[in-house]
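In what follows, a single structure is set out as C-alpha cells and then discussed.
The values are calculated or read from the model by the stated rules, or taken from the named source; none is laboratory data. What you see is a predicted model; the values in this text were computed from it and never measured. With ideal geometry, Cβ positions are generated from the backbone for all residues, glycine too; neighbour counts draw on all protein chains shown.
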Amino acid sequence: MNTNLQPSGSAYFITKPTAEPERHTLSVLVDNEPGILARIAGLFSARGFNIDSLTVSETNHEKGRSRITVVTVARPKVLRQIKLQLERLIPVHKVHDLTQEGKCLERELALVKVAGKGENRVETLRIADAFRAQVVDASTSSFIFEITGKSSKIEQFIALMMPLGLVEVVRTGISAISRGSSKM
Amino acid sequence: MSEQMSGAEMVLRALKDQNVEHIFGYPGGAVLPIYDAIFQQDDIKHILVRHEQGATHMAEGYARSTGKVGVVLVTSGPGATNAITGLTDALLDSIPLVCISGQVPTPLIGSDAFQECDTVGITRNCTKHNYLVKKIEDLPRILHEAFYIASSGRPGPVVVDIPKDVQFAMGDYYKPSNESDHKSYKPQLNGDLGAIEEAVNLMIRAEKPILYTGGGIINSGKEASESLRELAELTGFPVTSTLMGLGAFPAKSDQWLGMLGMHGTYEANLAMHDADLIVCLGARFDDRITGRLDAFAPNSTKIHVDIDPSSIGKTVHIDLPIIGDCNNIILEMIRIWREKTNQNRLSSSSVWWKQIEEWRDVKSLRYENSDEVIKPQFAIQRLNEAVKDKDTYITTEVGQHQMWAAQYFQFNEPNRFMTSGGLGTMGYGLPAAVGVQVAHPNAVVIDIAGEASVQMTMQEFSTAVQFRLPIKIFILNNEYMGMVRQWQQLLHGSRYSQSYSESLPDFVKLAEAMGGKGIRCDDPAKLDDAIQDMLDYDGPVLFDCRVSKEENCLPMIPSGKAHNEMILPETKDIGNVIDEKGKILV
C-alpha cells in the first residue's frame with residue numbers, strides 16, 4: 001500500500017517526501033578494532049546519510065568495546081535504514097535510537113578561549129560563573145573555560161562570549177545515555 | 001590440538017579444513033609464500049587466471065553454481081585493486097567469496113612501498129567484511145571466520161589481507177570448534193511464527209495473489225527451490241522471479257509467469273501491478289523491478305521475507321516483514337497452510353488466473369523472425385532447444401543478450417543461471433563460465449555473450465584452454481553495445497554516440513590463436529548445425545553468431561513509467577515514449 005507516497009510525476013526514488021526530517025541520537029556498541037570508525041563513517045557517506053555529531057571512546061576495556069554516539073538528521077524511513085545498515089556491520093553489537101526510545105541525557109564538553117582586558121574580563125568571568133564554566137587556564141590577557149552541558153547551553157555561552165573577545169572553541173561532540181536503570 | 005606451521009601453510013590448511021577444492025588466483029611478490037605452500041601440496045587445485053578480475057568472476061560462477069564459497073588469491077597493490085569489480089559484483093548479488101590478498105610486510109605498511117595499497121580501506125565498502133591480519137596468532141581464527149561470514153546470513157565477499165611477514169611467521173594452527181558462535185554477528189534464520197501465521201492468513205484470503213521470488217531462494221539452497229515449488233503447488237499462486245532468482249521455479253510450470261521488471265513479461269508485470277497480495281521471497285524490490293515507485297503495485301498488501309532486515313522497507317513500504325532464511329519460512333508457511341481448515345487452492349479457473357491468461361495471450365515475447373538474418377531471440381531459442389536434455393549451465397555478460405537469455409532460455413533448476421544482476425558487470429560471463437566448468441567438468445557450460453562485453457575479459461579464454469575447460473562462448477554479435485544503442489534510440493534521438501563496436505576482432509581467428517575453436521554463423525538455416533558443431537567440440541569454443549543489428553530488447557518498462565505502461569514488441573518508434581523527467585533516470 002503506497003499511501004505514504006504521493007505521486008511526484010517522476011520515478012524511482014524521486015518521490016515527494018511526506019515526513020519532516022528529525023534529529024535523532026543513536027548509540028552504537030561496537031568492537032574496538034582497527035578501522036571501526038572508518039566503517040561507521042564510510043557507511044554514512046556511502047549511503048548519503050548525515051552526521052551532525054560523532055563521538056567515540058572505549059567504554060569496556062575488558063571486552064574491548066566502544067560506544068559511539070551519532071547524532072543524525074533524517075526522515076523516519078531513512079532513520080530506520082541508518083539503524084538497520086549499522087546493525088549489518090559485522091563488528092556492531094547493538095544500535096539504539098535513544099531519541100526514539102524515550103528521554104535520554106545528552107551532554108557535550110567545550111573548551112572556550114576568550115581574550116580581553118579591563119571591564120570585558122570581569123564580564124567574562126561573571127557569565128562563566130552563571131553558566132558554571134570552570135576556568136582551566138588563565139593569563140593576564142586570556143581565559144580558557146571548560147563548560148559541560150546540553151549543546152544549546154554551549155551555543156548560548158559561545159554566543160555571549162563572542163563580543164567579549166572569543167578567540168577559539170573546541171567541542172567534543174555529544175555523548176548520550178538513556179535515563180533510568182536499564183542498560184543498552 | 002594445535003600444530004606449528006607458517007602463516008602461508010595455515011592458509012592452505014584452513015582452505016582444506018573448509019573443504020575448498022579449487023582456488024582462482026594470480027601470483028605476485030606479496031603472496032609468494034602462499035604460492036610456495038600451494039606448490040607443496042595436492043589437495044587444493046589452483047586455477048591460474050589472466051587478470052584478477054577474471055579470478056573473482058570465476059569464483060562467483062563457481063560459488064553460484066555449487067552453493068559453496070568461491071576462493072580468490074591475489075597479490076598486493078594491483079592484484080587487489082583488479083579484484084575490486086568482482087568483489088563489488090559479489091556484494092550486490094550476495095555471492096559468498098573469500099578473497100585472500102597479499103600485503104607488504106607490516107613494518108612497511110603506510111610507507112607507499114612497492115605494490116602497496118590500502119586494501120582494507122579500498123575494499124571496506126565493497127565487501128561484507130574485511131580483515132588485515134597483523135599477527136600470526138589471529139590468522140587461523142580470521143580465516144575460518146571469513147568463511148563463516150561469507151557463507152552465512154546474506155552471503156557476500158570477505159577479504160583477508162595478509163602481510164608477507166605474517167605469511168612467513170610461525171604459529172599454532174587450530175580450527176575453531178564453534179565458528180558460528182560469533183560475538184556480534186548473528187544472522188536470524190528462523191522467522192517469527194506469529195508473522196508467518198499472519199502471512200498464511202493473508203494468503204488464504206487473497207483473491208489476486210502473486211509469489212515474487214528472487215536470488216534469496218537460490219542462496220537458501222536447493223531445498224528452498226523444492227519448498228517454493230511445493231508452496232506454489234499447494235496454493236495455486238502464480239510465480240514470477242527477478243533475474244537473480246531464475247531457475248528456482250521451473251519455467252515449464254503452468255504457474256510460471258516469466259521474469260518481471262524492466263524487461264519482464266507483460267503478464268508478470270501486470271499481475272504485480274494488479275495484485276492484492278505480493279509475497280516477496282528473497283528479493284529486494286530493486287529499481288529494475290519496481291519501475292515508478294509511487295505507481296508500484298498500488299493496491300497490494302506486501303509480505304517481504306528476507307534474511308537481511310535492511311532490505312525490508314528500503315524502497316517500498318512493507319505491510320508484513322518476516323526476517324529469516326527463505327527455506328525455513330517457506331516450510332513453516334506450508335506447514336501452517338496445511339493445518340488451516342479454510343485453505344482454498346487458487347483454482348486455474350479463478351477470475352485472477354483468467355485475467356492472467358488474457359495478459360499471457362498478448363504474447364509479449366513475440367518477435368518477427370526472418371529467413372535472412374538470425375534474430376537474437378531465435379538464436380537463444382535454438383540454443384535452448386539444442387541443450388534442453390543436457391546438464392546445462394548458462395552464464396551471461398551484461399546487456400541486451402543478457403535480457404534475451406533471461407526471457408527466451410528456459411531455466412528449470414536453480415544454480416543454472418549465472419549473471420551479473422545488481423552491478424551489471426560487462427565481462428562477467430566468460431570468466432564465470434570458466435568457474436562453473438571447473439566445478440562441473442562434465443556439464444555443458446555456455447556463456448551467452450555480446451561482442452562488446454566479451455572483449456572485456458576475453459583473455460580468460462586462454463585460462464579455459466590451459467585447464468581444458470570446454471566452455472562455449474555464444475556471442476550474439478550485432479556490432480553494437482546493444483543496450484546502450486537501444487537507450488540512445490529511446491532517449492537521445494538515435495544518435496549512436498560511441499556505441500558501435502568498431503574494429504571487431506575476427507572471433508574465429510582469435511579463438512584459434514588462443515588454442516580453441518572458432519565458429520561463425522550468419523544464416524538462420526545453418527544455425528542448428530553450427531550450434532551442434534559447437535556442442536560436439538571437446539574444448540573451448542568461440543561462437544560468432546551474427547545477428548540482426550538494430551533489434552530492440554522488448555517488452556520494456558521505460559524509465560519513469562509504471563508496470564502497466566510497458567512498451568510492447570509492435571512499438572516501432574520507441575524514441576517518443578519517455579518524457580523529460582524519465583530521461584534523467586538510469
Point to revise | Filter result (among the aliphatic types (A, V, I, L, M), touching a residue at least 12 places away in the same chain (Cβ under 8 Å) and closer than 26 Å to A:Lys77 by Cβ) within the stretch A:38-65 | key: A:Ile40, A:Ala41, A:Leu43, A:Ile51, A:Leu54
Exercise for review: Name the helices (runs of 4 or more DSSP H) wholly inside the stretch B:32-102 in which the number of residues that are of a type in the set (A, V, I, L, M) is 2 or more.
Suggested key: B:32-39, B:52-66, B:84-92
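Do we have any residue at all in the stretch B:264-275 that's within 11 Å of chain A (Cβ to nearest Cβ), within 20 Å of B:Thr235 (Cα to Cα) and crowded, with 21+ Cβ neighbours inside 10 Å?
The initial filter retains those residues of the stretch B:264-275 that are within 11 Å of chain A (Cβ to nearest Cβ), namely none.
The answer is no, given that none of the residues of the stretch B:264-275 is within 11 Å of chain A (Cβ to nearest Cβ), within 20 Å of B:Thr235 (Cα to Cα) and crowded, with 21+ Cβ neighbours inside 10 Å.
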Review point. Which of (1) touching a Pro at 6+ places or on another chain (Cβ under 7 Å); (2) buried (at least 17 other Cβ atoms within 10 Å of the Cβ); (3) basic (Lys, Arg) is the odd one out, the single condition B:Lys208 does not satisfy?
Key: (1)
Check your understanding: In the stretch B:304-331, what residues are of a type in the set (A, V, I, L, M, F, W, C), crowded, with 20+ Cβ neighbours inside 10 Å and more than 12 Å from chain A (Cβ to nearest Cβ)?
Key -> B:Val305, B:Ile322, B:Cys326, B:Ile329, B:Ile330
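Residue-wise test of (1) farther than 30 Å from B:Asp181 by Cβ; (2) surrounded by fewer than 17 Cβ atoms within 10 Å (Cβ to Cβ); (3) touching a Ser or Thr at 6+ places or on another chain (Cβ under 7 Å).
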residue	(1), (2), (3)
A:Ala38	no, yes, no
A:Val71	yes, no, yes
A:Ala74	yes, no, no
A:Thr99	yes, no, yes
A:Ala130	yes, yes, no
A:Asp137	yes, yes, no
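Test B:Pro187 against the criterion of being within 14 Å of another protein chain (Cβ to nearest Cβ), more than 24 Å from B:Gly7 (Cβ to Cβ) and either touching a Gly at 6+ places or on another chain (Cβ under 7 Å) or modelled with pLDDT of 95 or more (or both), and give yes or no. Step through it out loud before you land on a result.
Values: within 14 Å of another protein chain (Cβ to nearest Cβ): yes; more than 24 Å from B:Gly7 (Cβ to Cβ): yes; either touching a Gly at 6+ places or on another chain (Cβ under 7 Å) or modelled with pLDDT of 95 or more (or both): yes.
It is true that B:Pro187 is within 14 Å of another protein chain (Cβ to nearest Cβ), more than 24 Å from B:Gly7 (Cβ to Cβ) and either touching a Gly at 6+ places or on another chain (Cβ under 7 Å) or modelled with pLDDT of 95 or more (or both).
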Review point. Checking B:Ser94 against (1) at negative phi; (2) of a type outside the set (A, V, I, L, M, F, W, C); (3) within 14 Å of another protein chain (Cβ to nearest Cβ), which single condition isn't satisfied?
Key: (1)
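One line per residue, one yes/no per condition, for (1) more than 18 Å from B:Cys553 (Cα to Cα); (2) in contact with a Cys (Cβ under 8 Å, 6 or more places away or on another chain); (3) of a type outside the set (Phe, Trp, Tyr):
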position	(1), (2), (3)
B:Asp371	yes, no, yes
B:Gln377	no, no, yes
B:Gln381	no, no, yes
B:Thr396	no, no, yes
B:Gln402	no, no, yes
B:Met418	yes, no, yes
B:Gly422	yes, no, yes
B:Tyr428	yes, no, no
B:Ala432	yes, no, yes
Review point. What pairs can you find where one residue is in the stretch A:17-37 and more than 14 Å from chain B (Cβ to nearest Cβ), the other is among the acidic types (Asp, Glu), and their Cβ atoms are less than 8 Å apart, with a gap of 6+ or different chains?
Key: A:Arg23/A:Asp52; A:His24/A:Asp97; A:Thr25/A:Asp97; A:Thr25/A:Glu106; A:Leu26/A:Asp97
Practice item. Those residues that are in contact (Cβ under 8 Å) with a residue 12 or more places away in the chain, more than 19 Å from B:Gln400 (Cβ to Cβ) and in a loop (DSSP other than H, G, I, E, B), I need them from the stretch B:566-584; list them, please. Key: B:Asp579
Point to revise | Unmet criterion (only one of (1) closer than 23 Å to B:Gly28 by Cα; (2) loosely packed, with under 14 Cβ neighbours inside 10 Å) for B:Gly194 | key: (1)
Practice item. Return the only residue of B:Phe147, B:Phe114 being over 30 Å from B:Ile218 (Cα atoms), more than 10 Å from every other protein chain (Cβ to nearest Cβ) and among the aromatic types (Phe, Trp, Tyr). Key: B:Phe114
Practice item. Of all residues in the stretch A:43-101, count the ones that are within 14 Å of chain B (Cβ to nearest Cβ) and among the β-branched types (Val, Ile, Thr). Key: 6
Exercise for review: Would you mind finding the one in B:Ala530, B:Ala562, B:Ala525 that is among the small types (Gly, Ala, Ser) and exposed (fewer than 14 other Cβ atoms within 10 Å of the Cβ)?
Suggested key: B:Ala525
Point to revise | Filtered residues of the stretch A:142-184 (kept if assigned to a loop (DSSP other than H, G, I, E, B), under 23 Å from A:Thr72 (Cα atoms) and either modelled with pLDDT under 95 or not hydroxyl-bearing (Ser, Thr, Tyr) (or both)) | key: A:Lys150, A:Gly173, A:Ile174, A:Arg179, A:Lys183, A:Met184
Check your understanding: Among the residues of the stretch B:123-141, which ones are touching a helix residue (DSSP H, G or I) at 6+ places or on another chain (Cβ under 8 Å), surrounded by fewer than 21 Cβ atoms within 10 Å (Cβ to Cβ) and away from chain A (no Cβ under 11 Å)?
Key -> B:Lys135
Check your understanding: From B:Glu368, B:Glu372, which residue is in contact with a helix residue (DSSP H, G or I) (Cβ under 8 Å, 6 or more places away or on another chain), of a type in the set (D, E, K, R), more than 16 Å from B:Gly258 (Cα to Cα) and part of a loop (DSSP other than H, G, I, E, B)?
Key -> B:Glu372
Check your understanding: Within the stretch B:308-328, which residues are under 17 Å from B:Leu193 (Cα atoms) and under 23 Å from the mean Cα position of the chain (by Cα)?
Key -> B:Pro309, B:Ile323, B:Gly324, B:Asp325, B:Cys326, B:Asn327, B:Asn328
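Wholly within the stretch B:450-551, which helices (runs of 4 or more DSSP H) include no fewer than the required count, namely at least 1 residues that are closer than 30 Å to B:Asp579 by Cα and not small (Gly, Ala, Ser)? Spell out the reasoning first.
On the way: elements: B:460-466, B:482-491, B:507-513, B:527-536.
Answer list for the stretch B:450-551: B:482-491.
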